[in-house]
Every structure is written in C-alpha cells, then in structure tokens.
Amino acid sequence: QLKNGATNGGAPKTGTGAALRWTGITAAGTYTIVLTKTTNPSCTLTMTGSATVTVNPLPTLFTVSGGGTMCSGAAGFSVALNGSQTGVNYQLKVGSTNVGTALAGTGSALSWTNNTTAGAYTIVATNATTSCTATMSGNAVITVNVLPTAFTVSGTGNYCAGDTGLTIGLSGSQSGVNYQLKLGGVGVGSVLPGTGSALSWANNTSAGNYTISATNATTACVNTMTGSATVTVNPLPAAFTVGGTGSFCSQGAGLPVTLSGSVSGTNYQLKAGSTNVGVASAGTGTALTWPNQTTGGTYTIVATIVSTGCSVTMTGSAVITVKALPAAATVSGGGIYIENVKHEPNID
C-alpha cells in the first residue's frame, strides 16, 4: 500500500515477485510503502526509505495584450504582458516560433516592440529555477496588409515654355487602388483609379520631379511607385523688336530689316509672310540687319535656340512697300528745219 503520510495513495498492489511502480503521483508529500501479508492481515511492515514529492507552482498567469492591423513596411505593434515575476523568463511566440530571446521578469509589466510578422502572439513563462512553464492568458493578433504593387513611373523630358507640357505614365495599375501624381510631394490634378492597365497624366507644364503615390482604397495602405519623372521647361528666346517698315521705288536698292538685339547661341530667321528669306543669322549679342529687301510684304523674324530647338517670333514686323515707277511713254518727233524759214518741225 502506497501512503502519503497516513493517507493511502490509491488501491494496494499485489506483490509479483518483481519490482513495483506507482505512476502519476501529483500530490506533494513524503511517500512510504506498507506491506500487509494477505494470509495474516495483522502482519504489516513498512518498506525501507521513502520518496518525497515536491510540487513546484506554475508561473503566475498575466494577460497578453497589443497587436492590431498594419501596412507592410510599417514600424509594427507592441505586444505587452500586464505583469511579471522575478526569477521567471518570458518568451514571446508567434504561432510556435520564438520571437527574439526571452525577457527576464522584473515584477512589473513587460513589452515587446515593433512586431511586424502577421499572426497570433502568445507568451510562455518559464521558472528559471524549476523550469515549470505556463502560457500566459490571451494573445495579441497582428494583421499585415500588403502594400499596393509597385509599378514604374516614366515621362522624364524637356519641353519649351508655352507648349502643352509632357505626359507622365505609370507602367501598370491595380483595381481597388487609387493613384495620385505628385510634384515635390504635393498632389497634382485628380486621383486616378486603377484599371489593371497602364495609366497616364497629360499636359504637365510645371518643372520638377514627379512621383506617383498609390493608396489601397480598402486598407489605406500607401506605396510610392518605382522611380520618378523629371520635367524640365526650356525658356523661349529673348524677345527683340523688328524694325524696317518703309517704302522704296521699284528698281531701287530695297530696304533693310532690323532686329534690336540678339543672343549668342540663337539663330534668327527672316521671313516674308511664311517664306524664309535666305538662311538664318546667328545671334551676336548685338542688333542684326538684313539689308536690301526688295520684295514688298510683311517681314517677321523667328528666333530659335540652337541647343533646345525652342523658338518664338520676335516682337513686331516690318512692312515694306514697293512703289511703282511712272508709266513709260515713247518720245517721237524731231527733224530738219531751215533757219529763218517760218516753217518749223512739230515735236510730239
């Protein structure tokens, strides 16, 4: 008969001639075994020695809190335990996987920061002396929402001031995601909803670096698309004034057309109506002159910057009028006459 102090530990076992074993003993105490002869129950004998069972307590239960829903790439959430015991180590787990190393109990609350893996977080406490463990109450669930897929921004280029600007494109899009074009971090124009295909924003005339931000309409998760587009606005040529309006007589030397100034690196093309007159003149940094224009009409000058191709018509025009000569008449007559004779020749 197994006994815990004076209390029987279950039913007696019958001797078999071999060793005996009592399993599943959970009550603390000092255990002995008393032998009783079945043919003479009054004959008893306590076996030599004893077995002492000590029951170590489990770590105290504290409550797990924290977690939440986050976007991929964010700083993550804290998981907390509202108390702890000295001499007990606390291991944070996501599922069955340890997160970092165990924290030693301090007698106060504990916290694990910046947890970014999705899943249910639990905490297992282990007594450092007895190795007894207990899973703390509750858990913390972290949900991680994925960011919008990254597509590539395009559209870098130059255009001349006054033109319609450049188109900025995105190589793809997702349904349920909204796309905002930004210039220097500030939204430009309207948000475009994703279609599952490429997107484009036309007529961008402001110089600078353009990016595109994508926002999931359901989760509000934001992702900046890959790359950027840099728009450069090339200036137009400086405006100078055309001069030379006047008139001259037909068969005369003609009149000059002038431009009040010019810039090096810019070519200046004289035009009569829409027709080029000769070849373009290179800017010199001073006034320019096109001499001896003998065709009547309105003359303008178009300036083009050589490096960018940007062009503009100079201010004003020169109107040259060609005056016709008097109509030509034929002179006739003449002849011989005798001096002192009253008859004289006629001259028409």
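The values are calculated or read from the model by the stated rules, or taken from the named source; none is laboratory data. Note that the coordinates shown come from a computational prediction; the quantities given were computed from them, not determined experimentally. Methodologically, a virtual Cβ is constructed for each residue, glycine included, from the backbone with ideal geometry; neighbour enumeration extends over all protein chains shown. The accessibility values were calculated without ligands, DNA or RNA, using every heavy atom of the protein model including side chains. Shrake-Rupley method; radii C 1.70, N 1.55, O 1.52, S 1.80 Å.
Brief remarks on what is shown
- Considering the stretch 73-89, and only residues there that are hydroxyl-bearing (Ser, Thr, Tyr) and surrounded by 13 or more Cβ atoms within 10 Å (Cβ to Cβ), the residue that is nearest to residue 132 (Cα to Cα) turns out to be 84.
- Every residue from the stretch 1-56 that is among the aromatic types (Phe, Trp, Tyr) and in a loop (DSSP other than H, G, I, E, B): 22
- Number of residues in the stretch 44-55 that are open to solvent by 60 Å² or more (accessible area, probe 1.4 Å) and not β-branched (Val, Ile, Thr): the value is 3.
- Residue 60 being at pLDDT 95 or above, part of a loop (DSSP other than H, G, I, E, B) and closer than 30 Å to residue 88 by Cβ: yes
- When the stretch 270-287 is filtered for residues that are open to solvent by 40 Å² or more (accessible area, probe 1.4 Å) and not β-branched (Val, Ile, Thr), the ones remaining, listed by number, are 271, 273, 274, 276, 278, 280, 282, 285, 287.
- Number of positions in the stretch 288-310 that are open to solvent by less than 60 Å² (accessible area, probe 1.4 Å) and either farther than 26 Å from residue 233 by Cα or in a strand (DSSP E or B) (or both): 12
- Number of the condition not met by residue 125 [criteria: (1) free of Cβ contacts under 8 Å to residues at least 60 places away in the same chain; (2) assigned to a strand (DSSP E or B); (3) over 32 Å from the mean Cα position of the chain (by Cα)]: (1)
- Residue 313 under 24 Å from residue 163 (Cα atoms), β-branched (Val, Ile, Thr) and surrounded by 13 or more Cβ atoms within 10 Å (Cβ to Cβ): yes
- Subset of the stretch 90-121 that is in contact with a Leu (Cβ under 7 Å, 6 or more places away or on another chain) and assigned to a strand (DSSP E or B) - its residue that is surrounded by the most Cβ atoms within 10 Å (Cβ to Cβ): 121
- Residue within the stretch 212-220 that is within 30 Å of residue 237 (Cα to Cα), touching a residue at least 24 places away in the same chain (Cβ under 8 Å), open to solvent by less than 70 Å² (accessible area, probe 1.4 Å) and of a type in the set (Gly, Ala, Ser) present: no
- If the condition is being under 30 Å from residue 75 (Cβ atoms), open to solvent by 60 Å² or more (accessible area, probe 1.4 Å) and not hydrophobic (A, V, I, L, M, F, W, C), then the stretch 144-173 contributes 149, 152, 171.
- Every test in (1) open to solvent by 90 Å² or more (accessible area, probe 1.4 Å); (2) farther than 30 Å from residue 113 by Cβ is passed by residue 58 save one, and that test is (2).
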